[in-house]
Amino acid sequence: MAVREVIRMGHPTLRLKAKEVAREEIQTPEFKALVQDMFDTMAEEEGIGIAAPQINVSKQVAIVGIPHDNPRYPDAPENEEEDPGFDVMVVINPKITITNQEQSGFWEGCLSVPGLRGYVERPIGVKVDYIDIDGKDQTIELSGFGATVMQHELDHLNGILYVDHVKDITKLSYTEEYMEFHDDES
Ligand code: ZN
């Protein structure tokens, strides 16, 4: 268990295409330790997702928090509006397919781009084929904010940052100014 340093925009590792994980590697203590460190680091930084390249490990593994207000989880409680809760999943060697090209926009943030928010539009529906933490093949379909969170994290495995998707640079903001001036936009 360890909180690792999160590398920031400008570090070359964030721009690499991450290497696939061999299926037999998933059960090794080293890989389990890597994933545990990713969980610890994400919790410390209060992120809703983290990808291995963000702790300077260029492998195709990401942890993604999927909000409970997603149709994929119809039975999940939709209780507190401020904190609807997340299901957290480990995604290895993902292959993403756009299932709905319609775009929706969110102000995104990133542990590797601290202190900033930017408005990004992405397709609202995706399907992801991946290997889970037990080494099993899985498929998940996501829409809305869950689809955005997934695309953001999986971009990290391809050397892409959310700022690459900010089309209107006037919608790139420091967090404080975002809260003051842009919080009601979407
Ligand atoms: Zn990020």
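Here Leu16, Leu154, Leu161 are placed in order of increasing Cβ neighbour count within 10 Å, fewest first, which gives Leu16, Leu161, Leu154. Each Lys and Arg contributes +1 and each Asp and Glu -1, all at the Cβ; summed about the Cα centre of the chain, the dipole is approximately 1160 debye. Kirkwood radius and radius of gyration were both taken over the C-alpha atoms of the chain, and their ratio Rg/Rh is 0.95.
Each of Asp184 and Asp132 was given a label point 7 Å from its Cα along the Cα-to-Cβ line. The distance between the two points is 4.3 nm.
None of the figures in this text is laboratory data; all of them are computed from the coordinates on show. Just so it is clear, the structure is predicted and the values come from calculations on it, not from any experiment. Glycine also receives a Cβ, built like all others from the backbone with ideal geometry; neighbour counts cover every protein chain displayed.
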